[in-house]
Structure formats: structure tokens, C-alpha cells
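Enquirer: Here it is: the structure, laid out below.
FYI, it's all coordinate maths here, none of it is from the lab. Only a predicted model underlies this, so the values are computations on that prediction, with no experimental measurement involved. As a convention, Cβ positions derive from the backbone with ideal geometry for all residues, glycine included, and neighbour counts pool all protein chains shown.
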């Protein structure tokens with residue numbers, strides 16, 4: 001039996017809105033569309049902030065005012081594209097190690113002046129793993145997972 | 001724990017990740033893994049047990065040997081979880097974008 005194992009998530013949606021509006025709602029009104037049960041702070045979500053600059057923070061704000069990081073803004077290109085690094089693990093806890101971070105790329109493609117296709121790719125999500133108590137040199141390092149997954153995917157094609 | 005969380009938790013251990021990496025390039029027996037890695041044979045067996053429970057590794061008997069290989073079920077569980085999450089998120093997003101203008 002031949003199996004194909006995809007190691008990325010691809011999702012897209014086309015909306016009746018301008019590219020600018022689609023970008024602004026996605027990045028600036030995150031809380032209006034995000035499934036609210038997915039958060040890491042102790043209290044309910046009050047906001048999710050994507051700082052509008054490459055290198056900026058991506059974080060949630062709880063109803064008690066506590067900020068919890070989700071990741072970083074790797075690319076901020078209004079109104080066409082953003083790339084976020086996602087530092088959350090399977091338990092929705094923040095993991096500061098970039099080797100454990102996955103990447104979310106979102107493109108906003110204007111099909112017509114008032115119709116926009118939003119294309120989302122979540123890649124390297126298998127890098128999310130609980131931070132080991134002791135990281136041993138050469139094992140959990142950068143590039144480890146990419147190599148693993150290339151081999152892993154190839155094993156099933 | 002959900003299957004995707006079990007899979008991620010199992011891979012949180014660097015030795016288990018290393019074993020998984022070796023198996024990604026082809027099936028191996030416990031002895032072969034122990035020879036290649038700085039880990040004792042009983043320890044390899046224990047790690048394989050955890051990986052198997054997480055559905056990241058599966059085994060089959062070949063003659064007198066038991067060969068271990070990667071099981072796509074575990075990683076697929078992680079992928080499916082993320083796929084479902086983004087599907088719901090984008091459906092909500094489309095509704096909000098079109099409703100509020």
C-alpha cells in the first residue's frame with residue numbers, strides 16, 4: 001500500500017473583501033475569528049496582538065492583563081503577506097527554543113478589487129514537542145526536524 | 001491526552017527523537033539501534049515502547065527478528081489537529097470579514 005504523508009497544513013478561503021480589509025481583520029482583529037478555547041494564559045482571552053513590524057511580538061492578552069507570547073513576526077508585508085513563528089507546544093505552552101517553533105505563512109491575494117483569496121500554510125509543525133529536561137548537544141539542534149521529516153515523508157511516498 | 005499531544009510528548013525526549021530519526025531512513029531491529037546509539041539495549045526497548053504507544057513507531061516480525069519502522073498515524077494526528085484548527089479559524093475569519101463591512 002502506498003501512502004502519502006503530508007507534513008504541512010494548507011488552508012485557503014476566498015472572501016468578499018478588499019485585500020487591505022482582509023489583511024487588517026486577520027492581523028488586527030485576531031480575537032474576532034480565532035477559536036477562543038485555544039490560549040495559554042490562565043484567564044480567558046482578551047486580545048491577540050500581532051505587532052505590525054518584522055521582528056515584532058505575537059502574543060495573547062488575558063482578561064487579567066497578563067501577556068503570553070505565542071511567537072514572533074518573521075515577515076510583515078502589508079497587505080500581501082505575513083509570516084509568524086509559532087512557539088507553542090502541544091499543551092499550548094510557550095517554548096522559547098526556535099528549533100521547536102513552527103511557521104505560519106499567510107498570503108492575501110487580490111482576485112478582484114473586492115475579492116481576496118487568503119492562503120495559509122502551517123509548516124514544520126512537527127517541531128512542536130515538549131521541551132526536554134536536558135537538551136543534549138547535537139540532538140535537538142536546529143535542522144534536526146527538517147532532516148527527520150524529509151526522511152519521514154519520503155518513507156511513505 | 002489527545003493523540004496529537006501524546007505524539008508530541010513522546011518526541012520531546014531527545015533520545016526518542018534520535019531513534020525516530022534513524023527509523024525514518026528505514027526499518028531497524030533493537031540491536032541495530034543500540035549499536036548505533038549511545039544507549040543500552042534495554043533503554044532502546046523502553047523508548048520504542050513509548051514511541052509505539054504514541055503510534056509513531058510500529059513493529060513486525062521478520063524471521064526471528066523484530067523490525068521497527070515509522071508509523072504515519074502519530075504524525076498524521078498532529079497534522080489533522082492543526083488542519084482542523086485552521087479550518088475553523090478561517091471559516092470564522094471569512095464570516096467576520098464579510099459581516100462587518
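Enquirer: Run the helix sum for chain B: -39,500 (n - 2.57) per DSSP H stretch of 4+ residues, divided by residue count, reported at 222 nm to the nearest 500 deg cm²/dmol.
Expert: On the way: 5 runs with 67 residues, N = 101.
Dividing the helical sum by the residues of chain B leaves -21000 deg cm²/dmol.
Enquirer: What is the order of B:64, A:116, A:54, A:27, fewest Cβ neighbours within 10 Å to most?
Expert: Working: B:64 6, A:116 25, A:54 13, A:27 22.
Listed from fewest to most nearby Cβ atoms, that is B:64, A:54, A:27, A:116.
Enquirer: Next up: Could you state the angle between the C-alpha long axis of helix B:72-99 and the longest principal axis of the C-alpha atoms of chain B, as a value from 0 to 90 degrees rounded to the nearest 10?
Expert: 10
Enquirer: Okay, moving on. To the nearest 10 degrees, how steeply does helix B:14-24 sit against the main Cα axis of chain B, on a 0 to 90 scale?
Expert: Orientation of helix B:14-24: about 90 degrees from the principal axis.
Enquirer: Given points 7 Å out from each Cα along the Cα-Cβ axis, report the residue A:121 to residue B:2 separation in nanometres with one decimal.
Expert: Those two pseudo-labels are separated by 2.4 nm.
Enquirer: Can you pull the three principal axis extents for the Cα set of chain B, in Å, largest first?
Expert: Ordered largest first, chain B gives principal extents of 67, 26, 23 Å.
Enquirer: Another question, if that's okay. Measure nothing but the geometry: give the 0 to 90° angle between the long axis through the Cα atoms of B:41-53 and the longest principal axis through the Cα atoms of chain B, rounded to 10°.
Expert: The angle comes out near 30 degrees.
Enquirer: Which value, in nm² and rounded to one decimal, describes the direction-averaged projected area of the C-alpha convex hull of region A:8-131?
Expert: Values: hull surface 28.9 nm².
So the Cα hull casts an average projection of 7.2 nm².
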